[in-house]
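Q: The structure's right below; bear with me while I get my questions together.
The values are calculated or read from the model by the stated rules, or taken from the named source; none is laboratory data. Since this is a predicted model, take the numbers as computed values, not measurements. FYI the Cβ positions are ideal-geometry reconstructions off the backbone, even for glycines, and counts take in every protein chain you see. Ligands, DNA and RNA are excluded from the accessible area calculation, which covers all protein heavy atoms including side chains. Shrake-Rupley method; radii C 1.70, N 1.55, O 1.52, S 1.80 Å.
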Amino acid sequence: MTGMPYLVDGHNLIPKVGLRLDSIDDEMELVALLQEFARLRRRQVEVYFDGAPAAQAGIRNLGTIKAHFVRAGTTADTAIARRLKKMGRSAKNWTVVSSDREVQAEARSARAEVLSSDEFAHLLQQTPRGETSKPTADRKISPTEVDEWLNIFKSKGHRTE
């Protein structure tokens, strides 16, 4: 991947891209948008979602996107701040996407770039789509990805049988 990578506050971004937070598939719909963005713009993206039940919390690689499902009782904001601290000086090479003032302040203090969720949503809309996109039916997914999707759907209350 080339270019500056992104840390994204997922639930902060969802309504800015026209998705609904009360939708059962809101997180996976955002991940799909981010996958297309990452592929076409050749960027690394990590997205953070809070409120995951303890059994579903953790990090999942969903295609090119690293999704952090943060355990209920803590927040994506805290997880992003922890990630920035862990990066140390290399945080300056990342862009944090959030409209939350505290997250933005943490990012600035780590010397990371900051984009509001509105600004990033606009960037997503400017990403070319269409002919350069490979049809979903032709895309091969690994057995690991299938298992990850099944676990996510189960956590959202879908029947997977």
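Q: Can you give the charge dipole size of the chain about its Cα centre, rounded to the nearest 20 debye, using +1 on the beta carbon of Lys and Arg and -1 on the beta carbon of Asp and Glu?
A: Numbers: 25 positive and 22 negative charges, 141 e Å.
Charge dipole of the chain: 680 debye, to the nearest 20.
Q: Could you report the chain's accessible area per residue, 1.4 Å probe, as an integer in Å²?
A: Values: 9270 Å² over 161 residues.
Spelled out: the 1.4 Å probe surface of the chain, per residue, equals 58 Å².
Q: Round to the nearest 10 and report in Å² the accessible area of Arg20, as given by a 1.4 Å probe over the protein chains' heavy atoms.
A: For Arg20, the solvent-accessible surface is approximately 150 Å².
Q: Probe radius 1.4 Å, ligands and nucleic acids ignored: give me the carbon and sulfur share of the accessible area of region 22-69 as a rounded percent.
A: On the way: 950 of 1990 Å².
Solvent-exposed carbon and sulfur of region 22-69 make up 48 percent of the total.
Q: Would you kindly find the accessible area of Lys85, with a 1.4 Å probe and non-protein molecules such as ligands, DNA and RNA excluded, rounding to the nearest 10 Å²?
A: 140
Q: Additional query: Please report the orientation-averaged projected area of region 41-92, defined via the convex hull of its C-alpha atoms, in nm². It would help to have the intermediate numbers written out before the result.
A: Values: hull surface 16.6 nm².
Seen from a random direction, the Cα hull of region 41-92 projects 4.2 nm² on average.
Q: How high is the relative contact order of the chain, in percent, counting Cα pairs under 8 Å that sit 6 or more residues apart?
A: Once normalised by length, the contact order is 23 percent.
Q: Between Glu145 and Arg108, what is 0.36 nm times their sequence separation minus the Cα-Cα distance? Round to one decimal in nm.
A: Working: separation 37, 0.36 × 37 = 13.32 nm, distance 3.43 nm.
Separation in residues times 0.36 nm, less the Cα-Cα distance, equals 9.9 nm.
Q: Once phi is turned into ³J(HN,Hα) by the Karplus curve 6.51 cos²θ - 1.76 cosθ + 1.60 with θ = phi - 60°, what whole-Hz value does each residue of region 27-39 show in order, with x for glycine and proline?
A: Karplus values, whole Hz, x for Gly and Pro: 5, 6, 5, 5, 4, 4, 5, 5, 4, 5, 4, 4, 5.
Q: Report the charge-dipole magnitude of region 1-78 in Debye, nearest 20, computed about the Cα centre from +1 at each Lys and Arg Cβ and -1 at each Asp and Glu Cβ.
A: 400
Q: May I pose another question? Sorted by accessible area (1.4 Å probe), largest first, how do Leu21, Leu7 line up?
A: Leu21, Leu7
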